[in-house]
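The values are calculated or read from the model by the stated rules, or taken from the named source; none is laboratory data. Note that the structure is predicted; figures quoted are calculated from it, not measured. Cβ sites come from the backbone with ideal geometry, for glycine too, and all protein chains shown count toward neighbours.
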Amino acid sequence: MNILALDTSMGACSAAVLVAAGPSRRLAARHVAMSRGHAEALMPMVQDVLAEAGLSAADLNVIAATVGPGSFTGVRIAIAAARGLALVTRAKLFGTDSLSVMARAALLDGFEPDGPFGVAFDARRGMLYLGVYDAHAQRLEGPRLVAPNDAAALLPDNLGLAIGSGTNLLADAAAARGHAVTATLDDLQPSAAALAEIALESGETCDGKTRDVLRPLYLRPPDAKPQAAALERC
């Protein structure tokens with residue numbers, strides 16, 4: 001199984017190729033933190049990881065992308081690239097949410113929770129993207145767009161750790177409710193390497209007739225308004 005994974009949903013751009021043959025696995029990955037420029041950076045990364053893995057695009061079986069939540073533009077970049085490559089290669093598609101990828105990325109980086117943990121990403125305007133996961137990074141709750149106080153109310157009583165850029169907001173809100181939550185890994189981003197692992201394990205790929213099901217997951221309306229609506233307000 002040859003899997004290409006793409007992520008541009010948040011504050012990093014990454015691409016990875018996972019080659020899996022039975023118990024043997026080989027990974028080629030690129031991951032660069034960036035606030036903008038994902039569109040220009042992604043395809044050169046794809047070329048690099050394919051070359052390192054010794055594959056061409058025609059060798060791919062699955063192309064995976066994070067579908068959000070995250071940046072409106074960023075989420076669409078990886079999805080559009082995945083769709084385009086799938087049309088050319090006839091590879092199957094896979095998508096999952098950004099917070100689940102962050103949860104798996106944390107475990108791959110050595111994070112060892114002894115129970116459920118939260119993934120909280122600062123969505124700005126006093127809101128969080130929230131997911132709750134068990135110790136094996138299996139999703140229990142979310143992803144949701146919620147205020148910190150509402151997020152704290154969703155946490156299981158035995159949850160003591162949270163990761164991601166919104167963890168301090170979550171920990172403060174939890175403390176106000178008498179629930180101690182330790183904030184860590186506040187610079188964590190989704191990674192294509194973690195996405196590739198999830199895609200390999202899931203088996204939930206789209207068939208060749210349903211590629212359009214890979215759609216962005218937006219939890220809030222866009223900031224931009226149609227020009228007609230703006231004129232009506234004048």
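General observations
- If only residues of segment 167-204 that are surrounded by fewer than 20 Cβ atoms within 10 Å (Cβ to Cβ) and either modelled with pLDDT under 95 or acidic (D, E) (or both) are counted, the one that is farthest from V49 (Cα to Cα) is D172.
- Taking segment 22-65 as the range and being in contact with a Leu (Cβ under 6 Å, 6 or more places away or on another chain) and either within 30 Å of L128 (Cα to Cα) or of a type in the set (K, R) (or both) as the test, the residues that pass are I63, A64, A65.
- Filtered residues of segment 37-60 (kept if surrounded by 17 or more Cβ atoms within 10 Å (Cβ to Cβ) and part of a loop (DSSP other than H, G, I, E, B)): L60
- Residue, surrounded by the most Cβ atoms within 10 Å (Cβ to Cβ), within segment 4-34, restricted to residues that are touching a Ser or Thr at 6+ places or on another chain (Cβ under 9 Å) and of a type in the set (S, T, Y): S9
- Considered as a group, the residues in segment 65-104 that are on the phi < 0 side of the Ramachandran plot and basic (K, R) include one that is surrounded by the most Cβ atoms within 10 Å (Cβ to Cβ), and that residue is R104.
- All positions within segment 178-201 that are part of a loop (DSSP other than H, G, I, E, B), more than 26 Å from S35 (Cβ to Cβ) and among the hydrophobic types (A, V, I, L, M, F, W, C): A180, V181
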